[in-house]
Amino acid sequence: MATEKPLSELSMDELQAKEKSMKSSVNLWTALLILMALGAIANTILDGFSAATFMPIIFAAIFTSVHGNWKKVKAEIAARNGLI
């Protein structure tokens, strides 16, 4: 597996492209988690507790990681722009 370059070694254009793709990813994960939560609530009401009830909680951990990486990229862009 190829290793990814550290954020400090990326050009500003690369950082902005990475931030844009990560923002889309975060938006997608947010939508998926909302849909999963609604589905889990409906499933719990109709059928009681099952494995599907806890799926949004499991996937929230992945969302936290994706969101944290997006915040790191945004912080690097802000640092280069002199905002921090």
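The values are calculated or read from the model by the stated rules, or taken from the named source; none is laboratory data. Source: prediction; values computed, not measured. Glycine also receives a Cβ, built like all others from the backbone with ideal geometry; neighbour counts cover every protein chain displayed. Each accessible area value is taken on the protein alone, full model and side chains, heavy atoms only, with ligands, DNA and RNA left out. Shrake-Rupley method; radii C 1.70, N 1.55, O 1.52, S 1.80 Å.
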Quiz item: How much accessible surface does Lys23 have with a 1.4 Å probe, in Å² rounded to 10?
Solution: 100 Å²
Quiz item: What whole number of Å gives the distance from the Cα centroid of the stretch 27-51 to the Cα centroid of the stretch 1-25?
Solution: 31 Å
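Leaving out ligands, DNA and RNA, what percent of the accessible area of the stretch 42-84 is carbon and sulfur, probe 1.4 Å?
69 percent
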Quiz item: Using the alpha-carbon atoms, what tilt in degrees (0 to 90, nearest 10) does helix 12-47 show relative to the longest principal axis of the chain?
Solution: 10 degrees
Quiz prompt | Relative contact order of the chain, pairs being alpha-carbon contacts under 8 Å that are 6 or more residues apart, as % | solution = 40 percent
Quiz item: Leaving out ligands, DNA and RNA but keeping every protein chain, what accessible area does Leu10 have, in Å² rounded to the nearest 10, with a 1.4 Å probe?
Solution: 30 Å²
Quiz item: Heavy-atom accessible area of Val66 with all protein chains present, probe 1.4 Å, nearest 10 Å²?
Solution: 30 Å²
Quiz item: Of Glu76, Glu4, which has the most accessible area with a 1.4 Å probe, and how do the rest follow in descending order?
Solution: Glu4, Glu76
Practice problem: Give the angle, between 0 and 90 degrees and rounded to the nearest 10, that separates the Cα long axis of helix 51-80 from the longest principal axis of the Cα atoms of the chain. | Solution: 10 degrees
Self-check item: Solvent-accessible area per residue, Å², over the chain with all protein chains present [probe radius 1.4 Å]
Solution: 72 Å²
Quiz item: Considering only DSSP states other than H, G, I, E and B, which chymotrypsin sites (Phe, Trp or Tyr not before Pro) in the chain qualify as loop sites with at most 15 other Cβ atoms within 10 Å?
Solution: Phe49
